[in-house]
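Heads up: the structure comes next, in structure tokens.
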Amino acid sequence: MDVAAYTELLPEITPTNQPFWDGCAAGELRLQKCADCGRHRFPDSPVCPECLSGAASWEAVSGTGTIWSWCTMHQKYFAAFADEVPYQLVYVRLAEGPLVISTLTDGSPEPRLDQPVRAVFQPDGAGRAVVRFSAEADPR
């Protein structure tokens, strides 16, 4: 991994998203939860997309979900990942509802629709823990 190129791709940690990144560093997935309707949301936002309430708190969630969609990246679109091609980009529907885009961990089987996954947190080349997903082998 080209660490310098990768670091440029990382989002800035701000007071608004700090609880998410603190959760990643602690090995847990944290999402905003609306204080009025109870909906979890990702990414963080100032108002709930369901009821437009501005009241929310951060809470640790299960970190489990299923693959909603995926693609295999064969092109070297980003210099940071040039030596990791091909890799699996997955769109995961979390058990709590929100969709999250990430990658599968090394050793995960070929993705399939509705395949169970769980969040894993490993420090990357830049030293920041980011959420990735580990897929279970197909039991069929």
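Worth pointing out:
- Accessible area per residue, Å², the chain with all protein chains present, probe 1.4 Å: 57 Å²
- At R0 = 22 Å, FRET efficiency that the Cβ-Cβ distance of ASP106 and GLN18 yields, to 0.05: 0.15
- Helical runs (DSSP H, four residues minimum) scored at -39500 (n - 2.57) apiece and divided by the length of the chain put the mean residue ellipticity at 222 nm at -3000 deg cm²/dmol.
- FRET efficiency for ALA79 and LEU99, using Cβ-Cβ distance with R0 set to 22 Å, rounded to 0.05: 0.25
- Heavy-atom accessible area ranking, 1.4 Å probe, most first, across PHE42, PHE133, PHE81: PHE42, PHE81, PHE133
- Note on ALA4 and ALA25: with the Förster distance fixed at 25 Å, the Cβ-Cβ geometry gives a FRET efficiency of about 0.70.
- Distance between modelled label sites at THR64 and ALA35, nm, 7 Å Cα→Cβ extension: 3.0 nm
- Among the cysteines of the chain, CYS24, CYS71 have no other cysteine beta carbon within less than 4.7 Å of their own.
- Computed about its Cα centre, the charge dipole of the chain is approximately 280 debye, with only Lys, Arg, Asp and Glu carrying charge at their Cβ.
- Within the accessible area of the chain, the carbon and sulfur atoms contribute 53%, probe 1.4 Å, all protein chains present.
The values are calculated or read from the model by the stated rules, or taken from the named source; none is laboratory data. These figures come from a predicted structure and were not determined experimentally. All Cβ positions, glycine included, derive from the backbone under ideal geometry; neighbour counts span all protein chains shown. SASA here: full protein model, heavy atoms, side chains in, ligands and nucleic acids out. Shrake-Rupley method; radii C 1.70, N 1.55, O 1.52, S 1.80 Å.
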